[in-house]
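Asks: Please see the structure below; I have some questions.
The values are calculated or read from the model by the stated rules, or taken from the named source; none is laboratory data. Since the model is a prediction, treat every value here as computed from it, not as a measurement. Please note: Cβ atoms are built from the backbone with ideal geometry, for glycine as well, and neighbour counts cover all protein chains shown.
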Amino acid sequence: MFFIYNDAGRITQMVGQSQPGYADLLREAGTNFVEVGQDMTDTYVDLSSGTPALKRRPELAGEFDKTTLKPFEQATLPGVPACSIVVEEGPLGPGQTPHPGGDLVIGFVVPGSYRLSIEPFPYRRRAFTLTVTEPSAP
């Protein structure tokens, strides 16, 4: 099996079966690749050492400071890497928001359960659930 990757190390193509000499063809074409036997959804090509190496995608550390909120209240997940896409699914439907990096501060107005998914490459996708409660009667 061959993983073909881009200049950032993101695997862009997987070739499961190939003819003899396929690696030579890739080299001649100047294609970035590694030959392995793993699943590309859980791995990436680490370029930090100068020698491409296939590695398991790490877990994103951290937790939201609170998971139950009142309407208009916010929760914070510290230290989320830049270029993360935050996918929200909740009472108002799905949505996507890019994150510039740093603390992710998020809140909602409508009561209900919100599922947030974050996948800042090379970290694996991580899901969180935040619940917004009904406002208390005055």
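Asks: Quick check, is R115 more than 17 Å from T129 (Cα to Cα) and of a type in the set (D, E, K, R)?
Replies: No.
Asks: Looking only at region 24-46, which residues are in contact (Cβ under 8 Å) with a residue 40 or more places away in the chain and not in a strand (DSSP E or B)?
Replies: D42
Asks: Evaluate region 35-45: report whether one residue or more is at pLDDT 90 or above, out of contact with any helix residue (DSSP H, G or I) (no Cβ under 6 Å at 6 or more places or on another chain) and either farther than 30 Å from P135 by Cβ or loosely packed, with under 12 Cβ neighbours inside 10 Å (or both).
Replies: Checking region 35-45: not a single residue is at pLDDT 90 or above, out of contact with any helix residue (DSSP H, G or I) (no Cβ under 6 Å at 6 or more places or on another chain) and either farther than 30 Å from P135 by Cβ or loosely packed, with under 12 Cβ neighbours inside 10 Å (or both).
Asks: Among (1) surrounded by 12 or more Cβ atoms within 10 Å (Cβ to Cβ); (2) at pLDDT 90 or above; (3) not hydrophobic (A, V, I, L, M, F, W, C), which single condition is Y123 missing?
Replies: (2)
Asks: With modelled with pLDDT of 85 or more and in the same structural domain as S117 (by TED's automatic domain parsing) as the only criterion, which of A75, A61, A8, A23 stands out?
Replies: Criteria check complete, one pass: A75.
Asks: Identify the single condition in (1) under 16 Å from F64 (Cβ atoms); (2) part of a loop (DSSP other than H, G, I, E, B); (3) in contact with an Asp or Glu (Cβ under 9 Å, 6 or more places away or on another chain); (4) of a type outside the set (F, W, Y) that L116 does not satisfy, given that it satisfies every other one.
Replies: Of (1) under 16 Å from F64 (Cβ atoms); (2) part of a loop (DSSP other than H, G, I, E, B); (3) in contact with an Asp or Glu (Cβ under 9 Å, 6 or more places away or on another chain); (4) of a type outside the set (F, W, Y), only one is false for L116: (2).
Asks: While we're here: Which of the residues that make up region 103-120 are surrounded by fewer than 17 Cβ atoms within 10 Å (Cβ to Cβ) and in contact (Cβ under 8 Å) with a residue 24 or more places away in the chain?
Replies: Taking region 103-120 as the starting set, the residues that turn out to be surrounded by fewer than 17 Cβ atoms within 10 Å (Cβ to Cβ) are 103, 105, 107, 109-113, 115, 117.
Hits for region 103-120 are D103, V105, G107, V109, V110, P111, R115, S117.
Asks: Say we look at region 91-102 and pick out the residues that are at positive phi and not in a loop (DSSP other than H, G, I, E, B); which of these is surrounded by the most Cβ atoms within 10 Å (Cβ to Cβ)?
Replies: Step by step, filter region 91-102, then rank; the result is G102.
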